[in-house]
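To start, the structure under review is shown below, and the notes come after it.
The values are calculated or read from the model by the stated rules, or taken from the named source; none is laboratory data. The structure presented is a predicted model; accordingly, all values stated were derived computationally and were not measured. Positions of Cβ are backbone-derived with ideal geometry, glycine not excepted, and every protein chain shown enters the neighbour counts.
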Amino acid sequence: MLYKILNKFVEKKIAKIRPIAVKFLNDNMDEYSKKGSLERLEVDAQYSRLITYFADDQKRRHMINRNYINFLHAIVYLYSTSGSAIILGQLTAPAEIYHVINSVKKSFDETIRVFNIK
């Protein structure tokens, strides 16, 4: 019951932040950062698959939601602080931002592999 309430709260935050992060990633498809943006958009697709797969397991769903909200905050921070020079902002971003992005990607990859989610 507790996780169901927490999931509703976190999913409302995700609903507000997700469109902004996806817009940043879609707008950043130049030749220098296309690979990074595509990998980060893949995390978005993985999130959808994981949430669908764990629809009845509220505890795992909450862990996935928490990871994803951290990922979204990192993406929004990375792209919003870079201003007009996206590549410059990516080069000067704190290492913690990339750590969050990479660890969530790795976590989602591992979960999909372990549970053989298609």
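The figures follow:
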| read-out | value |
| --- | --- |
| Residues satisfying the stated conditions in the range 38-84, i.e. among the polar types (S, T, N, Q) and under 11 Å from the mean Cα position of the chain (by Cα) | Gln46, Ser48, Asn65, Asn67, Asn70 |
| Residue in the range 52-61 that is at pLDDT 85 or above and under 18 Å from Ile101 (Cα atoms) present | no |
| Extreme residue, modelled with the lowest pLDDT, among residues of the range 28-51 that are over 13 Å from Lys105 (Cβ atoms) and polar (S, T, N, Q) | Ser33 |
| Selected residue [touching a residue at least 24 places away in the same chain (Cβ under 8 Å), more than 20 Å from His99 (Cβ to Cβ), part of a helix (DSSP H, G or I) and of a type in the set (D, E, K, R)] from Lys4, Lys16, Lys8 | Lys4 |
| Of residues in the range 53-69 being hydrophobic (A, V, I, L, M, F, W, C) and not in a helix (DSSP H, G or I), the one farthest from Val43 (Cα to Cα) | Ala55 |
| Residue within the range 70-83 that is in contact with a Ser or Thr (Cβ under 8 Å, 6 or more places away or on another chain), modelled with pLDDT of 95 or more and part of a helix (DSSP H, G or I) present | no |
| Ile112, sole failed condition from (1) aliphatic (A, V, I, L, M); (2) more than 12 Å from the chain's Cα centre (by Cα); (3) modelled with pLDDT under 90 | (3) |
